[in-house]
Amino acid sequence: MNSKVFMVLRILLGIFVLVFGINKFYSFIPMEAPTGDAGAYFGALISSKTLTLVAIVEIVAGLALIFNKFGALFALILMSVSVNALLFHAVLDPANSAGAVVLLILNIAVIFGYKDKYKALLS
């Protein structure tokens, strides 16, 4: 992958998760509360403080990707957040799944860009 393209994708993913991680604390992006099963699941995530942990992971991963410090590690860690976001939206809130799809695509692209860093792990 071209290094300039990879840098743009990495920073874009970093900004994306950083903004949504900070939004979990300060709610500056208006979002309607999910209803039904999605609302019940989301409520459980909030009451168990799991969403706080996800927000912290997103903020740290976003900063790591933007500044390219431990980016390969946090891209892998962020994959679990990306897959869970996609599954949540695909199953419980399909109308609002576009952001989760973009997140997963960016995350896969960044992991692909870091593929040389993972060779030692996979050999």
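Nothing in this text is a laboratory measurement; each read-out follows from the coordinates by a stated rule. These figures come from a predicted structure and were not determined experimentally. When we count neighbours, we look across all protein chains shown, and the Cβ atoms used for this are built from the backbone with ideal geometry, even at glycine.
Nearest 10 degrees, 0 to 90: what angle lies between the long axis of helix 36-47 and the longest principal axis of the chain (Cα atoms)?
70
What is the total of Lys pairs in the chain with C-alpha atoms under 19 Å apart, excluding same-chain pairs fewer than 8 positions apart? Spell out each step's value before the answer.
Working: Lys4/Lys69; Lys4/Lys115; Lys4/Lys117; Lys24/Lys49; Lys69/Lys115; Lys69/Lys117; Lys69/Lys119.
Step by step, the pairs that qualify in the chain add up to 7.
Residue farthest toward the positive end of the dipole of the chain, with Cβ of Lys/Arg at +1 and Asp/Glu at -1: which of Met31, Pro94, Ile15?
Ile15
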